[in-house]
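Below is one structure, written out as structure tokens; the observations come after it.
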Amino acid sequence: MGKKGLLYMTLTVSGLVMVFPILYAFLISFMQGGEVLQGSLWPETFSLANYFSAFERVPLLTYLWNSLVVSVLIMAGQLVLCSLAAFAFVFIEFKGREWIFYLFISTMMIPWEATMVPNFQTVQSLGWLNSYAGLTIPFFAMAFGTFLLRQQFKTIPKELYEASQIAGISKLRFFTGVVLPVAKTTMTTLAIYSFLTAWNMYLWPLLVTNNEANRTVQIGLKQMQTQEIASDWGVVMAGVVMVILPTLILLFAGQKRLQEGLTQGALK
């Protein structure tokens, strides 16, 4: 066996090791309680009973809808604000621009837990508890997204922007007609990243919501886990499969764009 064959075999084994937990969770979602306790690797029968039970135990459909709405709103908000901020940091000259950018980027070093209490107090004072506004607006401004798009925007020649100004093209038209089409791949990367991050949020939705009508799917999974006894892990895993399935589809569908977007801004 040559070096190439050994490499492919190593990659195959590593891939199977990484995929096994997800595959086993999918198989458990079809098992009855006794099969799980016995450590079975394959269900005796493939039945959707656990999936129906998951919807009966908690309002999972409501939680899924809330997570979808929150993730889409956060994704849209980050795309709009991060792209506009990156455009300003690259093409608009103003005093202290570089210092403001470095100060903005330095917020990435502050742990989210350190800002959790003041963010909660702000949301509470604005009356945004148990609302989509409280779940989404605090995450619209994102230093990582601004940095990612700024690096991509810097690949656009300044002479092109200056020529557009001489020709009388407005900043908004240059932004929508030139900058955004060039940064399409990076924008897609940011969209995937922000959607997946928002979909997997647990602690913040737990803090700002206290009723089932506004809570997200990660809280629903925790409720399901605490309600079930050990013999009902099949129901819990059925809920887990339904939660991770959209993220896996999005990740696999946008994997190429995600890789390209993370590296594209490094080349000029």
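The values are calculated or read from the model by the stated rules, or taken from the named source; none is laboratory data. Please read these numbers as outputs of a predicted model, since none were measured by experiment. With ideal geometry, Cβ positions are generated from the backbone for all residues, glycine too; neighbour counts draw on all protein chains shown. Note: areas computed on protein heavy atoms with side chains; ligands, DNA, RNA excluded. Shrake-Rupley method; radii C 1.70, N 1.55, O 1.52, S 1.80 Å.
Would you call Thr136 free of Cβ contacts under 8 Å to residues at least 40 places away in the same chain and either in a helix (DSSP H, G or I) or of a type in the set (Asp, Glu) (or both)? Steps first, please.
On the way: free of Cβ contacts under 8 Å to residues at least 40 places away in the same chain: no; either in a helix (DSSP H, G or I) or of a type in the set (Asp, Glu) (or both): yes.
Spelling it out, it is not the case that Thr136 is free of Cβ contacts under 8 Å to residues at least 40 places away in the same chain and either in a helix (DSSP H, G or I) or of a type in the set (Asp, Glu) (or both).
How about the range 1-34: which of its residues are in contact (Cβ under 8 Å) with a residue 60 or more places away in the chain and either open to solvent by 80 Å² or more (accessible area, probe 1.4 Å) or not hydrophobic (A, V, I, L, M, F, W, C) (or both)?
Of all residues in the range 1-34, those in contact (Cβ under 8 Å) with a residue 60 or more places away in the chain come to 22, 25-26, 28-34.
Matches in the range 1-34: Phe26, Ser29, Gln32, Gly33, Gly34.
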Practice task
Pick out the one residue from Phe174, Phe144 that is more than 20 Å from Leu68 (Cβ to Cβ), over 15 Å from the mean Cα position of the chain (by Cα) and among the aromatic types (Phe, Trp, Tyr).
Solution key: Phe174
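Would you call Leu207 farther than 30 Å from Glu56 by Cβ and either out of contact with any strand residue (DSSP E or B) (no Cβ under 6 Å at 6 or more places or on another chain) or outside any helix (DSSP H, G or I) (or both)? Explain how you work it out, then say what you get.
Numbers: farther than 30 Å from Glu56 by Cβ: no; either out of contact with any strand residue (DSSP E or B) (no Cβ under 6 Å at 6 or more places or on another chain) or outside any helix (DSSP H, G or I) (or both): yes.
For Leu207, the condition - farther than 30 Å from Glu56 by Cβ and either out of contact with any strand residue (DSSP E or B) (no Cβ under 6 Å at 6 or more places or on another chain) or outside any helix (DSSP H, G or I) (or both) - is not met.
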Handout entry: Among (1) part of a helix (DSSP H, G or I); (2) open to solvent by 30 Å² or more (accessible area, probe 1.4 Å) - the single one Thr155 does not satisfy
Key = (1)
Practice task
Scan (1) farther than 17 Å from Phe89 by Cα; (2) open to solvent by 10 Å² or more (accessible area, probe 1.4 Å) for the single condition Pro205 breaks and write down its number.
Solution key: (2)
Fill in the blank from the handout: Checked the range 133-142 for anything open to solvent by 10 Å² or more (accessible area, probe 1.4 Å) and either of a type in the set (Val, Ile, Thr) or over 30 Å from Thr62 (Cα atoms) (or both); matches are Ile137
Problem - Residue that is touching a Leu at 6+ places or on another chain (Cβ under 6 Å) and of a type outside the set (Ser, Thr, Tyr), where the choices are Val90, Val70, Val36, Val80 - result: Val70
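Checking the structure you have, find out if any residue of the range 40-54 is more than 22 Å from the chain's Cα centre (by Cα) and modelled with pLDDT of 90 or more.
As a first pass, look at the range 40-54 and keep what is more than 22 Å from the chain's Cα centre (by Cα): 40-54.
Within this subset, residues satisfying the condition of being modelled with pLDDT of 90 or more are none.
No, that holds for no residue.
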